[in-house]
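Participant: Pasting in a structure now, in structure tokens, and then I'll have a few things to ask.
The values are calculated or read from the model by the stated rules, or taken from the named source; none is laboratory data. Keep in mind the model is a prediction, meaning the values are calculated, not measured. With ideal geometry, Cβ positions are generated from the backbone for all residues, glycine too; neighbour counts draw on all protein chains shown.
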């Protein structure tokens, strides 16, 4: 009984610490209109988005008058693409994450090389890894036809991430909009700010805190690995030489490890892929956390959430494994919080006509 009371209190403390500034109690997570606007009250009153919560001019009804069909256009493209390639949902979710962790949610990750800067696409964590640019191009093209020079590439990334989650069976959320696009990329930040797959728990915590995200956000957002694939190069060291002693990672369940070795031989096969969640790789659910509990997290950065000896993350992995609704709710909250990392608003940045390049004067 005492243990149950402790667990309940611990969960309340952890989640309240993350929710205090960013929760939106009382909101229905419906799609609504206007590019994500829903039935909730935004601008005042309980659970509202506005200056009091620091959303820097972002609000769900941003396109209600200028491009009310924005979200419908995004979803129509996503439905077709994900039906043909379910893996693309995870790729688009990851694009939003890789964008926001580098100088904020400003679509800098979409910029190609130019005479002025080196593209973030060429950075170590991104090269030959992130994908989905052609989907963003298609969405942008359709939006430009319907609402020229109105919907930013940064907002397209945020809408695509939410839509991909929903179409994979995951939660929905009210999405503040109004981001503008960066006019430069940041290759150096891409190499320094994006967590590598072999991260220790302390490295993960440090990189997330650098973005204003806490341990609750770390664990819930890691749950995005419930869908998608990873290349062998991202986890091969766990199979053969985790600690430099030519031994596999001791936290990796043996049968699972042996199966992975068939996909990823000791030499070669670096571009072979394996599901991050082998039980339901195309369905957004809480199985990812259950697999971690069983020693079957694919990446080091997955398994250390439980085995990294940080009480908060260990507790949350167990809580999310037991309660999918709890995970869904917190994932939605953390996605909103991440999507608010240093957005360009007002007259800052621009609305790109082509997401791959800055506008020409």
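Participant: Only one of these is touching a residue at least 24 places away in the same chain (Cβ under 8 Å) and more than 23 Å from residue 213 (Cα to Cα): 272, 309, 342. Name it.
Facilitator: Step by step, each of 272, 309, 342 is checked, and only 272 is touching a residue at least 24 places away in the same chain (Cβ under 8 Å) and more than 23 Å from residue 213 (Cα to Cα).
Participant: Okay, next question. In the range 204-213, what residues are more than 14 Å from the chain's Cα centre (by Cα) and either surrounded by fewer than 16 Cβ atoms within 10 Å (Cβ to Cβ) or not in a helix (DSSP H, G or I) (or both)?
Facilitator: Those that are more than 14 Å from the chain's Cα centre (by Cα) and either surrounded by fewer than 16 Cβ atoms within 10 Å (Cβ to Cβ) or not in a helix (DSSP H, G or I) (or both): 206, 209, 210, 212.
Participant: So which of 222, 257, 250, 234 is assigned by TED's automatic domain parsing to the domain that holds residue 305 and either exposed (fewer than 15 other Cβ atoms within 10 Å of the Cβ) or without any contact (Cβ under 8 Å) to a residue 12 or more places away in the chain (or both)?
Facilitator: 250
Matching residues to (1) modelled with pLDDT of 95 or more; (2) assigned to a helix (DSSP H, G or I); (3) touching a strand residue (DSSP E or B) at 6+ places or on another chain (Cβ under 8 Å):
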site	(1), (2), (3)
257	yes, yes, no
260	yes, yes, yes
265	yes, no, no
278	yes, no, no
282	yes, no, no
289	yes, yes, no
295	yes, no, no
298	yes, no, yes
301	yes, yes, no
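Participant: Go through (1) in a loop (DSSP other than H, G, I, E, B); (2) in contact with a helix residue (DSSP H, G or I) (Cβ under 9 Å, 6 or more places away or on another chain); (3) in contact (Cβ under 8 Å) with a residue 40 or more places away in the chain for residue 216 and report which single condition fails.
Facilitator: Among (1) in a loop (DSSP other than H, G, I, E, B); (2) in contact with a helix residue (DSSP H, G or I) (Cβ under 9 Å, 6 or more places away or on another chain); (3) in contact (Cβ under 8 Å) with a residue 40 or more places away in the chain, residue 216 violates only (1).
Participant: Shifting gears a bit: From 326, 361, 299, which residue is outside the structural domain of residue 176 (by TED's automatic domain parsing) and crowded, with 18+ Cβ neighbours inside 10 Å?
Facilitator: Exactly one residue qualifies, and that residue is 299.
Participant: For the range 124-198, list the helices (runs of 4 or more DSSP H) that sit wholly inside it and hold at least 2 residues that are in contact with a helix residue (DSSP H, G or I) (Cβ under 7 Å, 6 or more places away or on another chain), buried (at least 22 other Cβ atoms within 10 Å of the Cβ) and assigned by TED's automatic domain parsing to the domain that holds residue 95; which are they?
Facilitator: Counting at least 2 such residues, we get 133-146, 153-167.
Participant: If you don't mind, another one. Could you say which residue among 108, 119 is crowded, with 24+ Cβ neighbours inside 10 Å and either without any contact (Cβ under 8 Å) to a residue 12 or more places away in the chain or touching a helix residue (DSSP H, G or I) at 6+ places or on another chain (Cβ under 8 Å) (or both)?
Facilitator: 108
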